[in-house]
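Q: Attaching a single structure in structure tokens format; questions to follow.
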Amino acid sequence: MTVAIGGSPVIRVRGLTKRYGDVQAVAGVDFDVAGGEIFGLLGPNGAGKTTTVEILEGLRPADGGEVSVLGVDVTRDADALKPRIGISLQTAALYPKLTVTEVIDLFRSFYATSRPTAELIADLDLGERKNAQTKVLSGGQRQRLAVALALVNDPELVFLDEPTTGLDPAARRSLWDLVLGLKAAGRTVLLTTHYMEEAEVLCDRLAIMDHGKILEMGTVDELVMKRFHERAVRFDRLPELTTAELEALPAVASVKADGGEMLLYTSDVGPTIGALLALTERRGLEPQNLAIRRATLEDVFLDLTGRALRD
Amino acid sequence: MNALVALTIANIKSYVRDRAALFWTLAFPLIFIFMFGFIFQGGGGGGLTLGWVDHDASPESAELHRAFTALRSNELVELPEAEARAQMQDGEVDAVIVVPDGYGEAITAGTAGSATAPASITVITDPSRSDLAGSVYQAVGAVLGIVNLGGRPPLVVPDPQTIQTENLNFISYFVPSMLGLSVMQVGIFAAIPLVADREKLILKRLAATPLRRWQLVGSNVLMRLLIAMVQAVIIVAVGVVFFGVEVTGSIAAVAAFVILGAMAFLALGYVVASFAATEDAANGMTSVIQFPMMFLSGTFFPIDSMPDVLQGVARVIPLTYLSDALRQVMVSGAAFAPLWVCAAVLLGWLVVCFAIAAVKFRWQ
Ligand SMILES: Nc1ncnc2c1ncn2[C@@H]1O[C@H](COP(=O)(O)OP(=O)(O)OP(=O)(O)O)[C@@H](O)[C@H]1O
Ligand SMILES: [Mg+2]
């Protein structure tokens with residue numbers, strides 16, 4: 001899915017850099033986010049996602065580059081931005097001795113206009129805990145409250161730094177619905193994540209980051225197709241078959257042995273499978289768990305960073 | 001709702017829900033007051049030692065002398081006036097009674113019905129020793145009642161005078177000192193929750209909202225001033241109710257110094273918050289500031305009896321001036337420094353510390 005970028009983008013980043021001592025946390029980053037888009041930053045630990053996001057939020061100064069958010073030059077006038085954006089930090093920062101309702105009400109008092117507390121509590125499914133002090137909330141509940149606080153002012157642009165880390169699968173899915181709901185309401189969302197599935201479900205476009213750089217950017221399909229035109233034929237590894245034998249099969253572009261799994265990347269699935277089955281039959285072998293799948297973001301990520309996405 | 005008010009309320013809720021902190025800020029000075037109050041309360045009950053200055057030396061004045069001696073077990077020490085005042089300053093006598101020249105004649109004229117005005121005797125007391133002043137007036141009242149028998153206009157009236165003595169009744173000295181101490185704590189301990197909020201990234205989160213920094217600082221100041229005032233009311237009330245401390249000065253002046261002092265120590269607290277990276281560090285730094293202040297401000301040890309170096313320190317630290325000012329305005333204590341100097345020193349600390357904090361404080 002490609003999002004047409006009409007008019008000026010909601011976020012425009014050019015040549016962004018930030019250094020901490022010896023660590024080049026952000027090393028020249030360029031990207032645009034269009035209005036109404038969900039844009040994802042995907043990357044391993046220490047990639048520079050949080051640093052980038054917090055510079056856009058006006059919470060950290062950049063060393064160099066241009067950052068314009070909602071038409072505001074963040075380096076000059078972050079204050080003009082604050083009423084219009086909503087943020088949740090990677091680690092939820094909450095007054096420990098206030099209740100969920102009290103914290104939301106407090107944050108509402110900071111904004112000229114705000115959404116009703118009851119609505120936010122219902123949206124983030126915090127009803128059962130609304131009178132609990134935040135210090136006794138579970139990790140996932142804290143995370144949800146942090147997201148509720150990001151939405152207090154009904155912002156045009158929402159920054160969510162790893163919003164679903166620590167959530168159980170049901171809570172994660174309900175948060176995804178919430179984010180998709182924001183998009184449906186015409187809001188723009190910039191989020192960071194470690195979860196490939198999350199990026200696939202939510203992000204219109206995403207950037208894969210590592211070592212402070214964007215390695216690749218586009219829609220999920222674009223990213224996958226750019227690297228892997230092929231489909232992958234996988235089966236449980238058969239030690240009797242050599243890589244050379246497999247590479248000789250028709251239409252096979254490359255062969256990867258990944259743990260107990262064999263992967264044949266092929267540009268034409270039919271002939272490859274036919275030949276594979278003929279080969280195994282001849283050798284008196286039977287491929288187990290044979291499957292055809294599209295290359296995924298996980299494959300892209302592995303290929304780009306040499307690391308698995310999940311920690 | 002206004003952000004400043006909402007944040008102040010939130011701060012107060014957080015504070016009140018922290019039972020341990022609440023207990024220590026409110027109970028600590030009270031424990032001290034009760035402890036020292038009961039230890040040093042003894043010593044009353046006996047008769048008064050009165051300085052007796054007789055400028056008249058008439059039979060009538062001798063009669064008055066007898067009347068005083070007869071009453072309870074008062075001891076009268078006959079002294080020249082200057083000597084009597086000096087001894088009262090030093091606490092040797094509790095009060096001084098001066099019989100003026102012409103007292104006898106006035107009484108005679110009065111008894112004959114030809115007096116134009118009643119004779120007066122001067123009664124000098126120390127207003128800060130309210131218990132003693134009360135006893136003296138009881139004695140004087142009893143004696144003059146005897147002298148003024150009959151339905152006629154009184155022959156003799158007391159002419160009250162006061163002088164400040166060096167020895168305040170101990171508890172009267174101690175209560176304002178404790179008030180100063182607790183105001184100091186309310187102020188410098190403001191650093192700790194602030195550093196904790198920074199460590200928890202709460203300040204960073206707030207920085208991403210339209211909340212202004214002055215609102216954040218303002219809410220912290222408001223809340224702390226409120227605590228200081230509540231504490232002041234409790235301490236003064238305990239002093240008055242349980243230990244008979246008499247507030248001789250104006251309540252407004254006491255409140256003004258409580259506020260000024262709290263602001264100066266708050267600013268000092270913000271300096272601590274500017275340099276302490278963690279809550280533990282803030283705790284340590286606060287103690288390092290608190291204990292010398294406590295012991296060098298003249299609360300527990302008189303400043304005059306300290307070694308020169310420590311006297312130098314005592315002359316600089318704000319608590320010396322806050323406690324001194326509170327003693328002066330609450331119980332007419334002897335001045336270590338004039339009130340305007342106390343106010344100026346506190347204001348100086350306030351301005352300097354606030355300036356340092358404004359430059360150095362980090363929000364994340
Ligand atoms: N305040 C800081 N001081 C020093 N180094 C920092 C600071 N913030 C970030 N860094 C360093 O910059 C690099 C990028 O960090 P950043 O938090 O942006 O990564 P991230 O992509 O968000 O990682 P994660 O997925 O673990 O959250 C890291 O090496 C980190 O150690
Ligand atoms: Mg991060």
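The values are calculated or read from the model by the stated rules, or taken from the named source; none is laboratory data. What you see is a predicted model, and the numbers here were worked out from it, not measured in a lab. Note: ideal-geometry Cβ built from the backbone for every residue, glycine included; neighbour counts use all protein chains shown.
Q: Looking at (1) touching a helix residue (DSSP H, G or I) at 6+ places or on another chain (Cβ under 9 Å); (2) part of a helix (DSSP H, G or I); (3) crowded, with 16+ Cβ neighbours inside 10 Å, which is the only condition A:Glu216 fails?
A: Checking A:Glu216 against (1) touching a helix residue (DSSP H, G or I) at 6+ places or on another chain (Cβ under 9 Å); (2) part of a helix (DSSP H, G or I); (3) crowded, with 16+ Cβ neighbours inside 10 Å, the one that fails is (2).
Q: Among the residues of the stretch B:260-274, is there at least one that is β-branched (Val, Ile, Thr), touching a residue at least 24 places away in the same chain (Cβ under 8 Å) and in contact with a Cys (Cβ under 7 Å, 6 or more places away or on another chain)?
A: Step one: of the stretch B:260-274, the residues β-branched (Val, Ile, Thr) are B:271-272.
Okay, now just the ones that are also touching a residue at least 24 places away in the same chain (Cβ under 8 Å), so B:271-272.
Retained after the next criterion (residues that are in contact with a Cys (Cβ under 7 Å, 6 or more places away or on another chain)): B:271.
Within the stretch B:260-274, one or more residues are β-branched (Val, Ile, Thr), touching a residue at least 24 places away in the same chain (Cβ under 8 Å) and in contact with a Cys (Cβ under 7 Å, 6 or more places away or on another chain).
Q: Any idea which residue in the stretch B:11-39 is surrounded by the most Cβ atoms within 10 Å (Cβ to Cβ), counting only those that are free of Cβ contacts under 8 Å to residues at least 40 places away in the same chain and at the interface with chain A (Cβ under 8 Å from one of its Cβ atoms)?
A: B:Lys13
Q: Could you check, for the stretch A:101-108, whether at least one of its residues is touching a strand residue (DSSP E or B) at 6+ places or on another chain (Cβ under 6 Å) and within 9 Å of chain B (Cβ to nearest Cβ)?
A: No, the stretch A:101-108 has no match at all.
For (1) away from ligand 1 (no atom under 12 Å from the Cβ); (2) within 14 Å of chain B (Cβ to nearest Cβ), each residue gets a yes or a no:
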site	(1), (2)
A:Arg12	yes, no
A:Arg19	no, no
A:Asp22	no, no
A:Ala25	no, no
A:Gly28	yes, no
A:Asp32	yes, no
A:Leu42	no, no
A:Ala47	no, no
A:Thr51	no, yes
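Q: Report those strands (runs of 3 or more DSSP E) wholly inside the stretch A:220-311 carrying at least 2 residues which are touching a residue at least 40 places away in the same chain (Cβ under 8 Å).
A: A:231-236, A:291-294
Q: Check B:Ala70 against each of (1) away from chain A (no Cβ under 14 Å); (2) modelled with pLDDT of 85 or more; (3) loosely packed, with under 14 Cβ neighbours inside 10 Å and name the one condition it does not meet.
A: Unmet for B:Ala70, out of (1) away from chain A (no Cβ under 14 Å); (2) modelled with pLDDT of 85 or more; (3) loosely packed, with under 14 Cβ neighbours inside 10 Å: (2).
Q: Checking A:Ala92 against (1) modelled with pLDDT of 90 or more; (2) touching a Lys or Arg at 6+ places or on another chain (Cβ under 6 Å); (3) closer than 21 Å to A:Ala150 by Cα, which single condition isn't satisfied?
A: (1)
Q: Among B:Met293, B:Met285, B:Met330, which is outside any loop (DSSP other than H, G, I, E, B), at pLDDT below 85 and surrounded by 18 or more Cβ atoms within 10 Å (Cβ to Cβ)?
A: Exactly one of B:Met293, B:Met285, B:Met330 is outside any loop (DSSP other than H, G, I, E, B), at pLDDT below 85 and surrounded by 18 or more Cβ atoms within 10 Å (Cβ to Cβ), namely B:Met330.
Q: Further question on the same structure: Is there a residue in the stretch A:262-275 that is under 30 Å from A:Thr188 (Cα atoms), more than 16 Å from ligand 1 (Cβ to nearest atom) and modelled with pLDDT of 85 or more?
A: There is no residue in the stretch A:262-275 that is under 30 Å from A:Thr188 (Cα atoms), more than 16 Å from ligand 1 (Cβ to nearest atom) and modelled with pLDDT of 85 or more.
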